[in-house]
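Heads up: the structure comes next, in structure tokens.
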Amino acid sequence: MSRVTAIDPGRCLGCLLCALACSAANHGEFNPARSYVTVTRDEFAGTFVISFSSLCRNCRKCASACPSGALQAVETAEREVPSGHAPAKTG
């Protein structure tokens, strides 16, 4: 079993709590610009895009802070992805 951060961008509210939690955990300040997770709005589709920097430390603070369930820390078998979610980071 491994832990992954599953992403369901359709549930994202764009609140940036994930980015705030990440920057606080990794840099000691609430500053989304210093976060390892980025949330951007796709104006054409009317949805949000969630992406991770290569500097992400897989602490999953972002998933813990997400109020909508767009980011979730899940246990999964090797190479298995929960239905309806895209794998983001493993570790």
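The values are calculated or read from the model by the stated rules, or taken from the named source; none is laboratory data. Treat the numbers as computed from the prediction; the structure is a model and nothing was measured. Reconstructed Cβ throughout: ideal geometry from the backbone, glycine too, with neighbour counts over all protein chains shown.
The set of residues from segment 15-34 being surrounded by 14 or more Cβ atoms within 10 Å (Cβ to Cβ) and either in contact with a Phe, Trp or Tyr (Cβ under 8 Å, 6 or more places away or on another chain) or assigned to a helix (DSSP H, G or I) (or both) comprises LEU17, CYS18, ALA19, LEU20, ALA21, CYS22, SER23, ALA24, ALA25, ASN26, PRO32, ARG34. Name the single residue that is surrounded by the most Cβ atoms within 10 Å (Cβ to Cβ) among those in segment 35-76 being polar (S, T, N, Q) and in a strand (DSSP E or B). Selected residue: GLN72. CYS18 meets the conditions (1) within 24 Å of ALA77 (Cα to Cα); (2) in contact with a helix residue (DSSP H, G or I) (Cβ under 6 Å, 6 or more places away or on another chain) in every case but one. The failed one is (1).
Condition check ((1) modelled with pLDDT under 95; (2) under 14 Å from the mean Cα position of the chain (by Cα)) across all residues:
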residue: PRO9; (1), (2): yes, yes
residue: CYS22; (1), (2): no, yes
residue: TYR36; (1), (2): no, yes
residue: THR40; (1), (2): no, yes
residue: PHE44; (1), (2): yes, no
residue: SER51; (1), (2): no, yes
